[in-house]
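Notes to accompany the following structure.
The values are calculated or read from the model by the stated rules, or taken from the named source; none is laboratory data. No experiment lies behind these values; they were computed from the predicted model shown. Here the Cβ is made from the backbone with ideal geometry for all residues, glycine too, and neighbour counts use every protein chain on show. Quick note on the areas: whole protein, heavy atoms, side chains included, nothing else; ligands and nucleic acids left out. Shrake-Rupley method; radii C 1.70, N 1.55, O 1.52, S 1.80 Å.
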Amino acid sequence: MRGGLVTLYPVTVPEDMNWTDITVALGVAIELEKRVKEKLEEVVQLAECHKDLQLADFITSKFLKEQNDSICEMGRLLTKAKRLVDTGGVGRHLFDREIFEYMRDKNPEIKFPYRNI
């Protein structure tokens, strides 16, 4: 609508994909979320430089809040995972169960084959 040109770049794959346990995978996911947040903040700064306050407000209110919530939630899960994974099999089972219940409750439209694990 404003006559701009959009240039899309591919999402880079993390260098280390050797995820030996959930803590490594969550750490990589948090770093990716932080990188997305930084890019959104750059767009907000660019919009403010061009006095496009509507775009800056839109990104800040819709996307940055979601990114902050996501980073916070993943950080909480990472802390729990570090505590539970160190306990062995029972801890891993409890963490898997919590993740399953979280995803089931967050996505009620998806029909999971099992009610519980």
| Among (1) in contact with a Pro (Cβ under 7 Å, 6 or more places away or on another chain); (2) in a loop (DSSP other than H, G, I, E, B) - the single one V28 does not satisfy | (2)
| query | So, in region 1-33, of the ones that are open to solvent by 90 Å² or more (accessible area, probe 1.4 Å) and of a type in the set (A, V, I, L, M), which residue ends up modelled with the lowest pLDDT? | reply | M1
| task | Kindly indicate the residue of region 44-54 that is open to solvent by less than 60 Å² (accessible area, probe 1.4 Å) and in a helix (DSSP H, G or I) and also farthest from I71 (Cα to Cα) among those meeting that condition. | result | A47
| query | Restricting attention to region 59-109, which residues are closer than 21 Å to E42 by Cβ and of a type in the set (D, E)? | reply | E66, D69
| query | Across region 76-117, which residue is least open to solvent (accessible area, probe 1.4 Å) among those that are of a type in the set (D, E), closer than 15 Å to L26 by Cβ and at pLDDT 75 or above? | reply | E98
